[in-house]
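Structure first, then comments.
The values are calculated or read from the model by the stated rules, or taken from the named source; none is laboratory data. Given the structure is predicted, the values throughout are model-derived calculations rather than measurements. Here the Cβ is made from the backbone with ideal geometry for all residues, glycine too, and neighbour counts use every protein chain on show. For the accessible areas, the whole protein counts, side chains as well, though only heavy atoms, and no ligand, DNA or RNA atoms are used. Shrake-Rupley method; radii C 1.70, N 1.55, O 1.52, S 1.80 Å.
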Amino acid sequence: MPYWLIWLILALGLAGAEALTGDLFLLMLAGGALAATGSSALFDWPIWADGLVFLVVSVLLLVGVRPALRKRFDGGKGLPEPVKALEGRPALVLDRVASHEGQVKLDGEVWTARPLNDDDVYEPGEHVTVVRIDGATAVVFKTV
C-alpha cells in the first residue's frame, strides 16, 4: 500500500473523529495528514519526511488557525435569552395588577404581573410596559 494512501486514510479518519468532538483539534491534525498525503504523492521522500511535513503543518494549524477559528465560533453573541427579549415589550392588563396580584397579556401569553412600584395599581384594559421578568412574574410600569 502506498504511503500517500495511508496518510489519506489517516486524514479522513481524523476529520471524521472531529465531527464527534467539535474541538477543532483533530481537524488541525487532519490538515497535517492531508499535507503529508500531498507531499507523499508528489515527492519521492522517505516516510520520515512525510511525518515531518505532518508535524510541521499540524503545529502551524494548531497554533495559527485553531485559535482564530475557536474565537470566531465562540465569540458570537448568540441568540438573546427569551426572557431578556420580553423586556421593554408592551402588555395589556387582564386582571388588576397590584403589589401581590395581577395578570397581563404579553406576546399572546398570560403572565403573572406586579407593578414596578408597590404603590401603583393598574386596572384591566390599561397598557403597561415590561421592565423585567422575575421568575415567572412580569414587572411592569404604566405606559404614558
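The residues of the stretch 75-102 that are at pLDDT 90 or above, of a type outside the set (A, V, I, L, M, F, W, C), at negative phi and touching a Pro at 6+ places or on another chain (Cβ under 9 Å), listed by number, are D95, R96. In summary, V131 fulfils each of the numbered conditions (1) under 30 Å from the mean Cα position of the chain (by Cα); (2) free of Cβ contacts under 8 Å to residues at least 24 places away in the same chain with the single exception of condition (2).
From the list V104, V93, V59, the lone residue that is open to solvent by 60 Å² or more (accessible area, probe 1.4 Å) and of a type in the set (V, I, T) is V59. Entry remark, the stretch 6-52: residues being open to solvent by 30 Å² or more (accessible area, probe 1.4 Å), free of Cβ contacts under 8 Å to residues at least 40 places away in the same chain and over 37 Å from the mean Cα position of the chain (by Cα) number 7 in total. When we screen R66, R132, R114 for residues that are among the basic types (K, R), open to solvent by less than 90 Å² (accessible area, probe 1.4 Å) and in the same structural domain as L24 (by the TED database), the only hit is R66.
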